[in-house]
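Asks: Questions regarding the structure given below will be posed in turn.
The values are calculated or read from the model by the stated rules, or taken from the named source; none is laboratory data. Only a predicted model underlies this, so the values are computations on that prediction, with no experimental measurement involved. Here the Cβ positions follow ideal geometry from the backbone for every residue, glycine too, while neighbour counts run over all protein chains shown. Calculation scope for accessible area: heavy atoms of the full protein, side chains included, ligands and nucleic acids excluded. Shrake-Rupley method; radii C 1.70, N 1.55, O 1.52, S 1.80 Å.
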Amino acid sequence: MLLDTPSLYFRAFYGIPDSITAPDGMPVNAVRGLIDMIATLVRAHSPTGLAATMDADWRPAFRVAAIPTYKAHRVAHGDAEEVPDTLVPQIPVIEEVLDAVGIARPEAPGYEADDVIGTLTHQAEGAVDIVTGDRDLFQLVDDSRPVRVLYTVRGIRNLQTVDEAFVTAKYGIPGRAYADFATLRGDPSDGLPGVAGVGEKTAASLITRFGSLDALLSALDAGVTEGFPAGSRTRLAAARDYLRVAPAVVRVAPDVPLPAADLTLPAKPRDPEALVRLADRYGLDSPLNRLLDALPR
């Protein structure tokens with residue numbers, strides 16, 4: 001099980017009142033919420049391995065170089081992400097808790113959590129469940145392995161299972177074609193413009209007709225006219241520069257240089273003393289006890 005940890009702690013932060021505080025008054029809503037989410041996931045799915053992936057770089061330079069608008073609307077100043085003031089101090093606490101429990105939190109300089117998930121998925125020899133609220137990771141679903149996304153849009157206790165059939169039913173495209181579809185359609189939430197005038201229906205029609213973005217572009221370059229919805233061929237030709245660089249931005253990296261890590265779900269805390277200190281300082285006894293009770297015996 002691979003957790004898109006930033007997606008989960010943002011969800012916890014916005015879903016739980018910041019009146020939930022530590023003894024010193026510091027809000028700990030994101031910390032407590034994430035711990036409870038992990039406990040719920042472990043209890044419900046009994047994964048043998050677990051990784052809480054992190055963003056070492058939320059807006060990697062290689063993506064910005066390709067498309068300067070990438071996540072630009074989320075920049076607070078410089079290269080810093082706009083994060084609520086009361087969430088900022090909770091992120092180091094989350095990291096300390098994960099380390100004390102013994103849950104791996106892999107990250108890599110210059111890459112997002114999505115890329116770490118893509119790499120760990122590529123390396124995995126068995127089934128993989130990816131827990132996220134981010135549709136970008138739909139590109140990793142693969143029924144043959146299987147790789148599924150447990151989508152948090154309806155809450156952690158009512159996860160939506162995303163497999164190839166879901167992608168096909170939802171978007172009208174082949175089950176493994178989400179990245180190509182998203183490249184054409186664009187995604188305003190990430191600052192990806194897409195092809196002007198090409199919405200979901202046209203993007204789905206194009207990917208279904210040609211099978212992949214590469215095949216579509218080959219047909220475009222070869223002068224093929226059949227199979228293009230009205231007006232789309234001209235729009236695609238005008239967006240050729242965007243389509244040349246966008247796939248590297250949209251597709252998650254399958255080859256992030258990650259240090260070796262043991263993803264085995266611990267049966268007991270790695271550092272019990274540190275966990276006790278964190279529980280006392282931040283008032284985390286109840287959620288931590290729920291997490292420890294969910295661990296394998």
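Asks: So in region 220-242, with the set limited to residues that are part of a helix (DSSP H, G or I) and hydrophobic (A, V, I, L, M, F, W, C), which one is nearest to ASP187 (Cα to Cα)?
Replies: Here the residue is LEU236.
Asks: Enumerate the pairs (first residue in region 131-146 and closer than 14 Å to ARG11 by Cα; second residue anywhere and open to solvent by 40 Å² or more (accessible area, probe 1.4 Å) and aliphatic (A, V, I, L, M)) with beta-carbon separation below 9 Å, excluding pairs fewer than 6 apart on the same chain, so at least 6 apart or on different chains.
Replies: As it stands, the answer is GLY133/VAL153, since those pairs meet every condition given.
Asks: Let me ask another. Based on what the data block shows, is ILE207 among the β-branched types (Val, Ile, Thr), in a loop (DSSP other than H, G, I, E, B) and at pLDDT 95 or above?
Replies: Judged against the criteria, ILE207 is not a match.
Asks: Another question about this same structure. With respect to the numbered conditions (1) in a loop (DSSP other than H, G, I, E, B); (2) touching a residue at least 40 places away in the same chain (Cβ under 8 Å); (3) over 25 Å from LEU243 (Cβ atoms), which one is the sole condition not fulfilled by THR69?
Replies: (3)
Asks: I need the full set of residues from region 287-297 which are open to solvent by less than 90 Å² (accessible area, probe 1.4 Å) and touching a residue at least 12 places away in the same chain (Cβ under 8 Å), in order please.
Replies: PRO287, LEU288, LEU291, LEU292, ALA294, LEU295, PRO296
Asks: Now a separate question. Within region 243-261, which residues are in a helix (DSSP H, G or I) and crowded, with 17+ Cβ neighbours inside 10 Å?
Replies: Hits for region 243-261 are LEU243, ALA246, VAL249, VAL250.
Asks: Could you tell me which of the residues ALA100, ALA12 is under 20 Å from the mean Cα position of the chain (by Cα), among the hydrophobic types (A, V, I, L, M, F, W, C), surrounded by 18 or more Cβ atoms within 10 Å (Cβ to Cβ) and in a helix (DSSP H, G or I)? Show your work before the answer.
Replies: On the way: ALA100 fails: under 20 Å from the mean Cα position of the chain (by Cα).
Of the residues listed, the single one that is under 20 Å from the mean Cα position of the chain (by Cα), among the hydrophobic types (A, V, I, L, M, F, W, C), surrounded by 18 or more Cβ atoms within 10 Å (Cβ to Cβ) and in a helix (DSSP H, G or I) is ALA12.
Asks: Of the conditions (1) touching a strand residue (DSSP E or B) at 6+ places or on another chain (Cβ under 9 Å); (2) in contact (Cβ under 8 Å) with a residue 12 or more places away in the chain; (3) surrounded by fewer than 20 Cβ atoms within 10 Å (Cβ to Cβ); (4) of a type in the set (A, V, I, L, M), MET26 clears all except one; give me its number.
Replies: In the conditions (1) touching a strand residue (DSSP E or B) at 6+ places or on another chain (Cβ under 9 Å); (2) in contact (Cβ under 8 Å) with a residue 12 or more places away in the chain; (3) surrounded by fewer than 20 Cβ atoms within 10 Å (Cβ to Cβ); (4) of a type in the set (A, V, I, L, M), MET26 misses (1) alone.
Asks: Also, I was wondering about something else. Among all residue pairs at least 6 apart or on different chains, which show Cβ distances below 9 Å where the first residue, located in region 229-254, is free of Cβ contacts under 8 Å to residues at least 60 places away in the same chain and among the aliphatic types (A, V, I, L, M) and the second is surrounded by 20 or more Cβ atoms within 10 Å (Cβ to Cβ) and outside any helix (DSSP H, G or I)?
Replies: Every condition considered, the pairs that remain are LEU236/VAL195; LEU236/VAL198; LEU236/PHE228; ALA238/VAL195; ALA239/GLY194; ALA239/VAL195; ALA239/VAL198.
Asks: Among ASP4, ASP57, which is crowded, with 20+ Cβ neighbours inside 10 Å, in contact with an Asp or Glu (Cβ under 8 Å, 6 or more places away or on another chain), under 25 Å from ILE130 (Cβ atoms) and not hydrophobic (A, V, I, L, M, F, W, C)?
Replies: ASP4
Asks: How many of the residues in region 221-233 are charged (D, E, K, R) and either open to solvent by less than 30 Å² (accessible area, probe 1.4 Å) or modelled with pLDDT of 95 or more (or both)?
Replies: The qualifying residues number 0.
Asks: If I ask for residues that are under 25 Å from PRO266 (Cβ atoms), out of contact with any strand residue (DSSP E or B) (no Cβ under 7 Å at 6 or more places or on another chain) and surrounded by 20 or more Cβ atoms within 10 Å (Cβ to Cβ), which ones from region 116-151 would you list?
Replies: Of everything in region 116-151, those that are under 25 Å from PRO266 (Cβ atoms), out of contact with any strand residue (DSSP E or B) (no Cβ under 7 Å at 6 or more places or on another chain) and surrounded by 20 or more Cβ atoms within 10 Å (Cβ to Cβ) turn out to be GLY118, THR119.
Asks: Being assigned to a loop (DSSP other than H, G, I, E, B), surrounded by fewer than 18 Cβ atoms within 10 Å (Cβ to Cβ) and in contact with a helix residue (DSSP H, G or I) (Cβ under 9 Å, 6 or more places away or on another chain) is the filter here; which residues of region 262-282 pass it?
Replies: Taking region 262-282 first, the residues assigned to a loop (DSSP other than H, G, I, E, B) are 262-263, 265-271.
Remaining after also requiring surrounded by fewer than 18 Cβ atoms within 10 Å (Cβ to Cβ): 262-263, 266-268, 270-271.
LEU263, PRO266, LYS268, ARG270, ASP271 - these are the residues of region 262-282 that are assigned to a loop (DSSP other than H, G, I, E, B), surrounded by fewer than 18 Cβ atoms within 10 Å (Cβ to Cβ) and in contact with a helix residue (DSSP H, G or I) (Cβ under 9 Å, 6 or more places away or on another chain).
Asks: Right, something else. Against the conditions (1) open to solvent by 60 Å² or more (accessible area, probe 1.4 Å); (2) part of a helix (DSSP H, G or I), where does ALA182 fall short? Just the number, please.
Replies: With respect to (1) open to solvent by 60 Å² or more (accessible area, probe 1.4 Å); (2) part of a helix (DSSP H, G or I), ALA182 is out only on (1).
Asks: Look through LEU236, LEU216, LEU192 and report the one residue that is surrounded by 19 or more Cβ atoms within 10 Å (Cβ to Cβ), more than 30 Å from ARG148 (Cβ to Cβ) and among the hydrophobic types (A, V, I, L, M, F, W, C).
Replies: Criteria check complete, one pass: LEU236.
Asks: Filter region 150-173 down to the residues that are in contact with a Phe, Trp or Tyr (Cβ under 6 Å, 6 or more places away or on another chain) and not in a helix (DSSP H, G or I), then identify the one that is nearest to GLN123 (Cα to Cα).
Replies: VAL162
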